[in-house]
Every structure is written in structure tokens, then in C-alpha cells.
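S.K.: What follows is a single structure, and I will ask about it in a moment.
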Amino acid sequence: MPSTYTLISSNVLTSSAASVTFSAIPSTYTDLVLRMSARTDSAPGNNASYILASINSTTTSGSFTVLSMNSASTAAFSFNATANTNWLGAANGGGSTANTFSNVELYLPSYTASQNKPMSVSSVFENNATAIGSGGPWGAFAELWSNTAAITSIAMTLSGGYNFVSGSSFYLYGIKNS
Amino acid sequence: MPTTYEPIATTTLGSAASSITFSSIPATYTDLRIVFVGNCVSASRYLALTFNADLLTNYSMTYLAGDGTSAVSSRRTNDTVLYSNNYSGSSITIPQMITADVFSYAGATNKTTLFTTASDKNGSGTTDVAVGLWRSTSAITSIALTYVATANIAAGSIATLYGIKNA
């Protein structure tokens with residue numbers, strides 16, 4: 001079989017942006033992979049912001065369960081939410097080590113299937129600091145978009161209303177299973 | 001280098017089935033990846049892998065899971081199948097996605113697998129990461145997916161096997 005993993009679209013910011021959107025996503029693939037490297041313009045005291053995703057312009061069809069750890073606690077912790085956007089990991093904030101961007105991968109299988117859409121997120125964000133609350137989260141996110149429609153758009157913004165800074169990069173890939 | 005990440009086989013269940021099996025797996029790749037999206041016909045079951053029809057106690061795994069309240073970790077040893085996760089398990093109505101990365105599957109060492117399970121159930125459920133071990137130096141030529149404790153994989157479930165080459 002031919003190899004798969006095709007770049008559908010990319011966006012590397014050359015100036016700050018409040019949102020990044022992939023629209024008109026073709027239905028010709030089986031799965032989607034979204035890879036991001038992001039930083040925000042949040043205030044110096046803010047080390048990270050969450051990346052929020054509105055799928056097909058919905059804001060209450062998302063739910064998620066998160067497993068994470070950061071330097072605010074010596075133990076891993078977990079939280080969840082419903083009736084929300086989907087959270088796609090974290091971006092380094094203005095208070096984190098300079099020139100440092102987070103690393104996030106979203107795997108979205110069967111994005112055109114007529115069923116609710118489970119997806120996984122792996123998010124890493126390191127900050128070269130030891131003070132409590134100054135470090136990453138590393139996180140594994142189980143996401144669910146409770147909608148049976150095919151996914152045609154993904155719009156990303158940041159918690160706190162911050163902007164993605166120049167140099168943040170976003171790549172959307174399509175994978176075919178045959 | 002040539003591009004890699006090739007689909008080897010895919011199965012979409014038109015009706016519930018006890019297993020999905022990938023057989024005659026070629027030895028021409030370096031690593032394998034399985035992507036599964038689907039349900040079990042029963043709740044609280046765990047998707048498991050069997051390599052080369054080996055049903056002896058040659059499998060073990062260690063997992064880390066978050067359930068929205070707590071982070072937990074545990075392990076299983078001397079199993080007859082390789083569990084992909086072992087915390088809250090399946091839902092009858094909400095599909096879960098599980099990826100399994102099998103490294104150096106054709107090599108002459110014991111086989112390590114990295115699992116990711118995304119099983120959010122809109123107010124419950126878990127996210128899991130796990131590492132599994134099959135204590136066999138044989139090349140992997142078949143992989144069977146089942147749910148344990150025994151229950152059928154639901155109709156509509158999809159499993160795809162990909163091959164990844166390192167050169």
C-alpha cells in the first residue's frame with residue numbers, strides 16, 4: 001500500500017494571533033493529526049495557557065479527562081470537564097523561559113465517521129525553573145467531541161484570552177488507512 | 001529517504017465479533033502502530049493484544065491513568081494477553097480510541113509496546129498510558145485484538161495496522 005501521512009495545511013505565525021483555524025478540512029482521509037508548537041503573550045507571572053479547540057464552531061460539545069503533572073505538586077493529578085470546548089494541551093506563557101515553545105500532538109481518528117469522536121492529546125511544556133508552579137504541565141488528554149458530524153474545521157484559541165506569538169507553528173496531517 | 005508510515009491492513013466490523021486479527025504481518029518494517037476506535041458490547045472491559053496466538057503467561061504491563069479525580073498507577077504480570085489499559089475500561093455507547101506502538105517487532109528481543117487510551121465518557125472515563133511487554137524473542141507475525149473479560153467488539157469498530165520503516 002502507498003505510504004500515508006500527508007500534510008493538509010500549515011500555519012507558522014509571523015506575528016501574534018488570537019486564533020488559528022484549519023477550515024475546509026477534506027473528508028478524504030481516515031484520521032487527522034494536528035501538531036503544534038506554541039507560546040503565548042501572557043503576562044510575566046503566567047507560565048502557561050491552555051489551548052482551546054472549537055470543532056466545527058461548537059463550544060459545548062467537548063469533554064475531556066486529563067492526567068498531568070507539574071512542579072506545583074509532587075504527585076500527578078487528574079481533572080475533567082464537560083459541555084466545553086476541547087482542550088489541546090498547554091502553551092508556554094510569557095512568564096516561562098524565553099524562546100521556549102510547548103509541543104502538542106492531537107490524534108483524531110475516524111474524523112468523518114457518524115459517531116461521537118474520541119481523540120487523544122499528548123502535551124509537553126518544560127520551563128527551566130524549579131519554583132513551585134513554575135514548571136510544565138506534561139499531560140495526556142482523553143478528549144471527546146459529542147457530535148456525529150464529520151469534522152470540517154478546528155479553531156484554536158488560548159485560555160485567558162491571550163495571543164499565540166510569532167513563531168508558533170501548527171501542522172495538520174491526514175492519514176489514510178488504505 | 002522514502003516516505004514511511006504505510007497502512008498494512010484495516011478492519012471495520014459490520015457486526016460484533018470476538019476479535020480482530022492481523023495475520024501474515026510482513027517483516028519488512030521496523031515498528032508497527034495499531035489505531036483502534038470502537039466499543040465493546042459490554043462495559044468495563046479492556047482491549048488486549050495477543051501476539052502470534054501465544055496464550056501463555058508471557059505478558060505484563062504497567063499503566064498510569066487519570067480518571068478526572070485521581071492519578072493512579074499499577075501493573076499486571078504473567079498475563080495470558082497484553083492489556084492495553086486496566087482502569088475504567090470500555091463504554092457500551094461511547095467509543096474509545098487506543099493506539100499501540102510495537103517497537104522492533106521483527107527483532108530477536110522481547111517486545112515492548114506503548115499504549116495510549118483516550119476514553120473520555122463526557123463526565124467520566126479515563127486517559128491512560130501504559131507500557132507492555134511480551135516475553136518472546138520471536139518476530140511478530142500476527143496480532144489479535146480482543147476485549148477482556150471476554151466480550152465482543154462492537155459493530156462499527158475500526159482497527160488499522162500501520163508499518164513504519166526507519167530507513
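S.K.: So what is the accessible area of the protein assembly as shown per residue, in Å², with the probe set to 1.4 Å?
M.R.: Accessible surface, normalised per residue, equals 39 Å².
S.K.: A further question follows. So for each of B:127-140, A:149-162, A:81-94 I average, over its residues, the number of other beta carbons within 10 Å; can you give me the resulting order with the highest mean first?
M.R.: Put in order of decreasing packing, that is A:81-94, B:127-140, A:149-162.
S.K.: A further question follows. Of B:108, A:70, A:96, whose Cα points farthest to the positive end of the dipole of the protein assembly as shown (charges on the beta-carbon: +1 Lys, Arg; -1 Asp, Glu; origin at the Cα centre)?
M.R.: B:108
S.K.: How many nm is it between the label spots at residue A:15 and residue B:53, if each spot is 7 Å from the Cα in line with the beta carbon?
M.R.: Those two pseudo-labels are separated by 6.6 nm.
S.K.: At q = 0.07, 0.10, 0.11 Å⁻¹, what log₁₀ I(q)/I(0) does a Debye calculation on the Cα points of the protein assembly as shown give, no solvent, two decimals?
M.R.: After summing over all Cα pairs, the log10 values are -0.28, -0.59, -0.71.
S.K.: In nm, give the distance between the simple-model label positions of residue A:128 and residue B:24, each being 7 Å from the Cα along the Cα-to-Cβ direction.
M.R.: 5.4 nm
S.K.: In addition: Would you be so kind as to identify which of B:83, B:57, B:125 lies farthest towards the positive end of the dipole of region B:51-163, taking Lys and Arg as +1 and Asp and Glu as -1 on Cβ and the Cα centre as origin?
M.R.: B:57
S.K.: Taking each residue of B:154-162 in turn, how many C-beta atoms of other protein chains fall within 10 Å of its C-beta, and what is the average?
M.R.: 3
S.K.: With each label point set 7 Å from Cα along the Cα-Cβ vector, what nm distance links residue A:75 and residue B:141?
M.R.: Each label point lies 7 Å from its Cα, and together they span 4.9 nm.
S.K.: If you don't mind, there's one more thing I want to ask. Evaluate the relative contact order of chain A (contact order divided by residue number), counting alpha-carbon pairs under 8 angstrom at least 6 apart; express in whole percent.
M.R.: 40 percent
S.K.: If one takes the accessible area of chain B alone plus chain A alone and subtracts that of the pair, with a 1.4 Å probe, what total in Å², rounded to the nearest 100, results?
M.R.: The buried area between B and A, both sides summed, comes to about 2700 Å².
S.K.: Here's another thing I want to ask about it. How high is the relative contact order of region B:1-76? Use alpha-carbon pairs under 8 Å, at least six apart in sequence, and give a whole percent.
M.R.: Worked out over region B:1-76, it gives 15 percent.
S.K.: Ignoring ligands, DNA and RNA, please state the percent of accessible area on chain B from carbon and sulfur, probe 1.4 Å.
M.R.: Carbon and sulfur: 52 percent of the exposed surface of chain B.
S.K.: Here's another thing I want to ask about it. Express in whole angstrom the spacing between the alpha-carbon centres of region B:17-71 and region A:15-84.
M.R.: Measuring centre to centre over Cα atoms gives 27 Å.
S.K.: Which FRET efficiency value, to the nearest 0.05, do you get for residue B:43 and residue B:167 by plugging their Cβ-Cβ distance into 1/(1 + (r/R0)^6) with R0 = 45 Å?
M.R.: Rounded to the nearest 0.05, the efficiency is 0.55.
S.K.: May I pose another question? Choose one of B:137, A:83, A:128: the residue whose Cα lies farthest towards the positive end of the charge dipole of the protein assembly as shown (beta-carbon charges +1 Lys, Arg; -1 Asp, Glu; about the Cα centre).
M.R.: B:137
S.K.: Lys and Arg at +1, Asp and Glu at -1: add these up for the other residues within a Cβ distance under 14 Å of residue B:34 and post the number.
M.R.: Net of charged neighbours comes to -2.
S.K.: Given +1 on the Cβ of Lys and Arg, -1 on the Cβ of Asp and Glu, and no further charges, what dipole in debye does chain A carry about its Cα centre, rounded to the nearest 20?
M.R.: I would put it at about 160 debye.
S.K.: List, by residue number, every residue in region B:39-81 with a reduction of 10 Å² or greater in accessible area between the chain on its own and the complete protein assembly, 1.4 Å probe.
M.R.: Listed by number, the residues meeting the 10 Å² cut-off are B:64, B:66, B:68, B:69, B:71.
S.K.: Place a +1 charge on the Cβ of each Lys and Arg in region B:1-138 and a -1 charge on the Cβ of each Asp and Glu, then give the dipole magnitude about the Cα centre in debye, rounded to the nearest 20.
M.R.: 200 debye
S.K.: Still on this structure, please answer the following. So, with +1 on the Cβ of K and R and -1 on the Cβ of D and E, and no other charges, what is the size of the charge dipole of the protein assembly as shown about its Cα centre, to the nearest 20 debye?
M.R.: 220 debye
The values are calculated or read from the model by the stated rules, or taken from the named source; none is laboratory data. Just so it is clear, the model here is predicted, and its values are computed rather than measured. All Cβ positions, glycine included, derive from the backbone under ideal geometry; neighbour counts span all protein chains shown. Each accessible area value is taken on the protein alone, full model and side chains, heavy atoms only, with ligands, DNA and RNA left out. Shrake-Rupley method; radii C 1.70, N 1.55, O 1.52, S 1.80 Å.
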